[in-house]
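> First the structure, which I've put down as structure tokens, then a few questions once you've had a look.
The values are calculated or read from the model by the stated rules, or taken from the named source; none is laboratory data. Note that the structure is predicted; figures quoted are calculated from it, not measured. A quick note on method: Cβ atoms are made from the backbone with ideal geometry, for glycine too, and the neighbour counts reach across all protein chains shown. With ligands, DNA and RNA removed, areas are computed over all heavy atoms of the protein, side chains included. Shrake-Rupley method; radii C 1.70, N 1.55, O 1.52, S 1.80 Å.
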Amino acid sequence: MGGENRFLGLAYVTPYVFGLLLFTAAPFGASLYLAFTDYNLVSSPSWVGMDNFEKLFTRDRTFTRSLNVTLLYVGLTVPLKLAFALFIAVILNYKLKAINLFRTAYYVPSILGGSIAIAVLWRYLFSTEGLVNMALAVVGLGPVNWFGDPANALFTITLLRMWQFGSAMVIFLAALQSIDKSLYEAAAIDGSGPWSTFRHITLPLITPVIFFNLVMQMVQAFQEFNGPYIITQGGPLKATYFLPLYIYELAFKKFDMGYASAVAWVLFIIIMALTLVAFWSSKKWVYYAGDKRS
């Protein structure tokens, strides 16, 4: 009976293992090899050693510009999105009429936000004659050149990312609902105000969830592609030319697959390094159940 169970278990996991090896591990290894080659998808890869990386860090101004824009974008979107998601989660944690309807409505953008259709809609909303400028005209403002000005273009893409706060909000909401209500009752008896209660009870108890959302949102932000590709095509003046766009154009427009793989691996190393920093820093501010630190 035990042998049959083991065979059945192996049968269940085999498709996943096969898919992992074929669609994840194999491309992962292939890209690492191609990063050290000159490969144009037509001729055979030619080994160039560290030439791609030497060019990347010493002569490629486009990469430097794209990296700076990407880091700025991540630095803006991640904290703003997490703060907004937590704010909405705190509001939706109250027992209000039709609260489930509001929770669903706030979650929907996270499902639709990454789609091409929403990116196209966003482009029309913030166009010169779009709904946003029409609303500004009503109050005597605008029109604003959302896509023609570099600062405005990056802000527009940032807003699109913030609008997709639903998944982080749901996770925050689950964490808030798991907090023991007796802690709030004890704080109220001691005369603690709303802000003091939130700061000294709510925040420490949800730091594991804050950490999880921080890492997940950071990784996703570094991989942002649909929004800037559909809305601004990386412009103006490469103000929204993120590293995923640069990798895409190198690989599928210029057919420089070797150099594109090198850029992709640099992006991977940056994400991995920042994730490790986040895990290291979590020892100082993330508190789990039963943690004896003061």
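> Kindly identify the chain as rounded, prolate or oblate by the Cα gyration tensor criterion: order the square roots of the eigenvalues as a ≥ b ≥ c, call it rounded if a/c is under 1.5, otherwise compare a/b with b/c, prolate if a/b is larger, else oblate.
Note, shape of the chain comes out oblate.
> Can I ask one more? Hey, rough spin-label estimate for residue 275 and residue 71, points 7 angstrom out along Cα→Cβ, what's it come to in nanometres?
2.0 nm
> Also: Restricting to Cα pairs below 8 Å that are 6+ residues apart, what does the relative contact order work out to for region 59-283? Please round to a whole percent.
29 percent
> Dipole of the chain (Lys/Arg Cβ +1, Asp/Glu Cβ -1, origin at the Cα centre): which of 269, 109, 196 lies farthest to the positive side?
196
> While we're here: Can you tell me the length gained on complete extension of the stretch residue 98 to residue 237, counting 0.36 nm per residue apart and subtracting the Cα distance?
45.4 nm
> Could I ask something else about it? Can you tell me how region 6-157 classifies by the Cα gyration tensor, rounded, prolate or oblate, using a/c under 1.5 as the rounded cut?
oblate
> Which entries of 55/238; 81/253; 181/283; 97/283; 55/253 show an alpha-carbon separation above 29 angstrom in the structure shown?
With Cα atoms farther than 29 Å apart: 81/253; 97/283.
> Report the FRET efficiency, 1/(1 + (r/R0)^6), for residue 20 and residue 216, where r is their Cβ-Cβ distance and R0 is 25 Å, rounded to 0.05.
0.80
> Quick check on the chain: helices-only [θ] at 222 nm, where DSSP H runs of length 4 and up contribute -39,500 (n - 2.57) each and the sum goes over total residues. Nearest 500, please.
So the helix-based figure for the chain works out to -21500 deg cm²/dmol.
> Suppose every Lys and Arg Cβ carries +1 and every Asp and Glu Cβ carries -1, with no other charges. What dipole size does the chain come out with about its Cα centre, to the nearest 20 debye?
Taking the Cα centre of the chain as origin, the dipole is about 440 debye.
> With a 1.4 Å probe and every protein chain kept in, tell me what percent of the accessible surface of region 1-114 is carbon plus sulfur.
70 percent
> Within 11 Å, Cβ to Cβ, of residue 233, how many net charges do the neighbouring residues add up to if Lys/Arg are +1 and Asp/Glu are -1?
Residues near residue 233 contribute +1 overall.
> Applying a 10 Å radius around every beta-carbon, put 82-93, 17-28, 48-59 in order of their mean neighbour count, most first.
Ranked from most to least packed, the peptides come out as 82-93, 48-59, 17-28.
> Roll a 1.4 Å probe over the protein chains and send me the accessible area per residue for the chain in Å².
59 Å²
> Can you list which of the DSSP-assigned H helices in the chain have a Cα extent of 15 Å or more along the long axis and an average Kyte-Doolittle score of at least 1.6?
Qualifying helices, which must be both long enough and hydrophobic enough, are 166-177.
> Quick one: if the Förster radius is 25 Å, what FRET efficiency do residue 283 and residue 116 give, using the C-beta to C-beta distance and rounding to 0.05?
Working: r = 41 Å, r/R0 = 1.63.
About 0.05, to the nearest 0.05.
> Return the long-range amide H neighbours of residue 37 (sequence gap of 5 or more, or a different chain), with a cut-off of under 5 Å between placed amide H atoms.
48
> Among 99, 248, 176, whose Cα projects farthest towards the positive end of the dipole of region 59-283, with charges put on the beta-carbon of Lys, Arg (+1) and Asp, Glu (-1)?
The residue sitting farthest along the positive end of the dipole is 248.
> Could I ask something else about it? Give me the net charge of residue 220's neighbourhood, meaning all other residues with Cβ under 11 Å from the Cβ of residue 220; Lys, Arg count +1, Asp, Glu -1. The partial results should precede the final answer.
Numbers: positive: 81, 161; negative: 224.
Within the 11 Å Cβ shell, the charges total +1.
> Fully extended, how many nm does the chain gain between residue 46 and residue 192 (0.36 nm per residue separation, minus their Cα-Cα distance)?
45.7 nm
> For 224, 185, 129, write out the residues from largest to smallest accessible area, computed with a 1.4 angstrom probe and no ligands counted.
Values: 224 20, 185 110, 129 160 Å².
Largest accessible area first, the residues go 129, 185, 224.
> Where in region 233-269 is the amide nitrogen less than 16 Å from a point lying 7 Å along the Cα-to-Cβ axis of residue 145?
Counting only backbone N, you get 235-240.
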